[in-house]
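The values are calculated or read from the model by the stated rules, or taken from the named source; none is laboratory data. Model, not experiment: these values are computed from the prediction. We place every Cβ from the backbone using ideal geometry, glycine too, and count neighbours over all the protein chains shown.
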Amino acid sequence: MLERANPVSESRVGEGGWRVVVGTRLSRIAAIVAAFVVVGLVVLPAFASRALIQDLIFVFTMLALAQLWNVLAGWGGLITVGQQAFVGLGGYVLFAATVLAGLDPLLAIPLAGLFAGLVAALIGPLLFRLEGPYFAIGSWVVAEVCRLLCAQFKPLGGGTGTSLPNVVTANMWGLKPVQDLLAVRAPVARDVIVYWLTLVVVVATIAAIYAFARSRLGLALAATRDSMAASRSIGIRAHRIRYGLWIVCGVATGIVGAIVYLQKARISPDAAFSVTDWTAYVLFIAVIGGVRTIEGPVVGVLLLWALQHYLAQFGSLYLLLLGLIAIVMMLFLPKGLWGTFAERADIHLMPLRRRLRRS
Amino acid sequence: MAVIDTLVQGALLGGVYALFALGLSLIFGVMRLVNLAHGDFIVLAAFIVLVGATSFGLSLPVATLIAVVAMFCLGFALQRLVLEAVLGEDIMPPLLITFGLSIVIQNGLLLGFGADSRRLDAGAFETRSLEVVQGLNVGLAPLLALIVAIAVILLLQLLFYRTALGRAFRATSDNPEIAQLMGIDHRNIYAVAVGISLAVSVIAAVAFGIRANFDPAIGPARLLYAFEAVIIGGLGSLWGTLAGGMVLGIAQTVGARIDPEWQILAGHLAFLLVLFLQPRGLFPARRA
């Protein structure tokens, strides 16, 4: 929730003393509060329990995935149900790079992102040929192809998968300093490192998406959503922006996947490319909080965390309930909890609307 | 002979895939809606027939008929009570709702029936086969599935091009506003389309339920096959969809011959290849 971009710098004084403003007094206060929250989260491992740290790893990774889906679907119009392709690939590249090539996990994570981005770049042009809703199923097919190919990859256990050997994480960069700093055992220190990584990724993702949504590119994409013909006539090359967005989100999703599987330390094709784990939950978060808002998924992920805590033990019933809640939300509060609240109360912590002000 | 046998078996499998695809293609054609729960509705239909046949002791045809009526009503109600509210310019809400339905149906079936694999019992019929020529046997059940697929396509063609309802479908598909001006209630037209789509799903469910096992989790895979058949065949053409199903079936059978683990993957790769070479499908409708 960092609000790095200074609203005043974006405003341009036009004729008659009018200027375009995005930020508000409230958004500046929210940014300061958010900065404090982030600092608090950074130092949290010094006193929090290991269980809370692990819970927050789940919250941050899900939030990052939800934000990435949100920007693809909400801004890019690329409604996908196949993001598990990039999560799974990220995980598999991490395993391949550390187990087979002996790379340090921290080095393997960016590599996983690059690989996922490469796959996104290659498969994107093919998927973009599919019209609107068929794009969604096409992305699912790609995820299945990735799952089946990874299941054929025998060095990492084929269909049954494999575990990350202890030696990989035992000598991980940064482990010793963190152990000394917090005076904890190695497994706890590993959790803390993963926790910080997810925190960095989620904060960077949110900041980048906010900057994108407020940028000229974000505005251009919003315009293509309103009218493709009109936006093309003023020179917006929507296709290029979408393709770029798709690749960048692929990279980020791959990075998240690599971090998730560094934490899980066990991978199998069915889990790594699971549509329930990496798409259903993500859609739930976005729908509950509010698609096309940046605050929405934050609300959504906290709600999912609470539901998970109390109901996950019920297995199928829990998932059935999540599905029903999502359907009811779409019918009665299509803008989600945050989206509806923000509209009724006119409260926007991360405003995107450009307003005219006389200076 | 092995080559011909593979092609024939694949083409017959294509009949089932075409049946999967028809319902998906139908509602996309009429209302631009893609039902992400389509595969799960097929599995739901299979379980309804199973319950009718085992718990109520009905014969398979009777149980199928009852399921057809039940699924038609379910589809009609689904459109009027749920989907209608979110259908519009924005394609996201209907996609998210049908994705939610997919999760609900899968987990509902899992709660009701457990994760065990089931099969519809068609008696001796399912194993009987015809020797077409020396060394080439064709199973009666797969053959019937293909014949049924062709029959369903013929019926849908008749419905579309020879009846008042079909005219209403085409008119609403072309322009819902003008169709309304002509006195067509598009809401009921859409509801009937979803109803027919789910009714056809029952036929698909029975055709595949007597030749392969099913369990609550396999819905999404059926959706993907249906989708691939539609795209390979080309949007807007029912015969194209049948051909697309056959291409998919043949690709899978050839893949399975090479290595059983490659069956599904080969089908997906064939789909991606067609998308790469012929993005509008192999047999696109002239009108589209």
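Annotation for region A:79-97: at least one member residue is over 30 Å from A:Leu164 (Cβ atoms), crowded, with 20+ Cβ neighbours inside 10 Å and out of contact with any His (no Cβ under 9 Å at 6 or more places or on another chain). Being within 23 Å of B:Ile210 (Cβ to Cβ), within 14 Å of another protein chain (Cβ to nearest Cβ) and crowded, with 22+ Cβ neighbours inside 10 Å is not true of B:Leu96. When B:Ala85, B:Ala46 are checked against the criterion of being over 19 Å from the mean Cα position of the chain (by Cα) and either among the basic types (Lys, Arg) or part of a helix (DSSP H, G or I) (or both), B:Ala85 stands alone in meeting it.
When the residues of region B:78-93 are filtered to those that are more than 8 Å from every other protein chain (Cβ to nearest Cβ), of a type in the set (A, V, I, L, M) and in contact (Cβ under 8 Å) with a residue 40 or more places away in the chain, the one that is farthest from B:Leu44 (Cα to Cα) is B:Leu87. Here A:Leu68, A:Leu103, A:Leu89 are screened, and the one residue that is without any contact (Cβ under 8 Å) to a residue 12 or more places away in the chain and on the phi < 0 side of the Ramachandran plot is A:Leu103. Remark: pairs (first residue in region A:165-190, at positive phi; second residue modelled with pLDDT of 90 or more and surrounded by 15 or more Cβ atoms within 10 Å (Cβ to Cβ); Cβ separation under 6 Å; 6+ apart in sequence or on different chains) = A:Gly174/A:Ile193. Across region B:145-176, the number of residues qualifying as of a type in the set (A, V, I, L, M) and either in contact with a Leu (Cβ under 6 Å, 6 or more places away or on another chain) or buried (at least 17 other Cβ atoms within 10 Å of the Cβ) (or both) comes to 9.
Report whether or not A:Arg129 is touching a helix residue (DSSP H, G or I) at 6+ places or on another chain (Cβ under 8 Å), within 12 Å of another protein chain (Cβ to nearest Cβ), surrounded by 21 or more Cβ atoms within 10 Å (Cβ to Cβ) and of a type outside the set (A, V, I, L, M, F, W, C). It is false that A:Arg129 is touching a helix residue (DSSP H, G or I) at 6+ places or on another chain (Cβ under 8 Å), within 12 Å of another protein chain (Cβ to nearest Cβ), surrounded by 21 or more Cβ atoms within 10 Å (Cβ to Cβ) and of a type outside the set (A, V, I, L, M, F, W, C). Within region A:323-341, the set of residues being more than 22 Å from the chain's Cα centre (by Cα), in a helix (DSSP H, G or I) and not β-branched (Val, Ile, Thr) comprises A:Leu324, A:Leu331, A:Phe332, A:Phe341.
Inspect all residues belonging to region B:28-49 and state whether any of them is touching a strand residue (DSSP E or B) at 6+ places or on another chain (Cβ under 7 Å) and either of a type in the set (Phe, Trp, Tyr) or more than 14 Å from chain A (Cβ to nearest Cβ) (or both). Spell out the reasoning first.
Applying the first criterion (touching a strand residue (DSSP E or B) at 6+ places or on another chain (Cβ under 7 Å)) to region B:28-49 yields B:43, B:46.
So of that shortlist, the ones also either of a type in the set (Phe, Trp, Tyr) or more than 14 Å from chain A (Cβ to nearest Cβ) (or both) come out as B:43, B:46.
Yes: region B:28-49 contains one or more residues that are touching a strand residue (DSSP E or B) at 6+ places or on another chain (Cβ under 7 Å) and either of a type in the set (Phe, Trp, Tyr) or more than 14 Å from chain A (Cβ to nearest Cβ) (or both).
Among the conditions (1) surrounded by 13 or more Cβ atoms within 10 Å (Cβ to Cβ); (2) more than 14 Å from chain A (Cβ to nearest Cβ); (3) farther than 30 Å from B:Met1 by Cβ, the only one that B:Leu110 does not satisfy is (2). Among the residues of region B:207-229, the ones that are among the hydrophobic types (A, V, I, L, M, F, W, C), in contact with a Leu (Cβ under 6 Å, 6 or more places away or on another chain) and within 13 Å of chain A (Cβ to nearest Cβ) come to 2 in all. Residues in region A:50-69: is at least one more than 25 Å from A:Leu181 (Cβ to Cβ), part of a helix (DSSP H, G or I), within 14 Å of another protein chain (Cβ to nearest Cβ) and touching a helix residue (DSSP H, G or I) at 6+ places or on another chain (Cβ under 6 Å)? Within region A:50-69, one or more residues are more than 25 Å from A:Leu181 (Cβ to Cβ), part of a helix (DSSP H, G or I), within 14 Å of another protein chain (Cβ to nearest Cβ) and touching a helix residue (DSSP H, G or I) at 6+ places or on another chain (Cβ under 6 Å). Counted as qualifying within region A:213-311 are the helices (runs of 4 or more DSSP H) with 1 or more residues that are surrounded by fewer than 18 Cβ atoms within 10 Å (Cβ to Cβ), namely A:216-226, A:228-233, A:238-264, A:269-272, A:295-311. Consider A:Val37 carefully, then state whether it is surrounded by fewer than 16 Cβ atoms within 10 Å (Cβ to Cβ), modelled with pLDDT of 95 or more and either within 24 Å of the chain's Cα centre (by Cα) or not in a loop (DSSP other than H, G, I, E, B) (or both). Yes.
Matching residues to (1) at pLDDT 95 or above; (2) more than 30 Å from A:Asp270 (Cα to Cα):
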{"position": "A:Cys146", "(1), (2)": "yes, no"}
{"position": "A:Gly158", "(1), (2)": "no, no"}
{"position": "A:Thr169", "(1), (2)": "no, no"}
{"position": "A:Met172", "(1), (2)": "no, no"}
{"position": "A:Ala189", "(1), (2)": "no, no"}
{"position": "A:Trp196", "(1), (2)": "yes, no"}
{"position": "A:Ala204", "(1), (2)": "yes, no"}
{"position": "A:Ala213", "(1), (2)": "no, yes"}
{"position": "A:Gly218", "(1), (2)": "no, yes"}
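If you go through region A:148-193 and keep only what is touching a Leu at 6+ places or on another chain (Cβ under 7 Å), closer than 21 Å to A:Gln84 by Cα and not in a helix (DSSP H, G or I), you end up with just A:Thr162. Considering region B:245-273 alone, what residues qualify as being within 13 Å of chain A (Cβ to nearest Cβ) and within 22 Å of B:Asn35 (Cβ to Cβ)? B:Leu248, B:Ile264, B:Gly267, B:His268, B:Phe271, listed by residue number.
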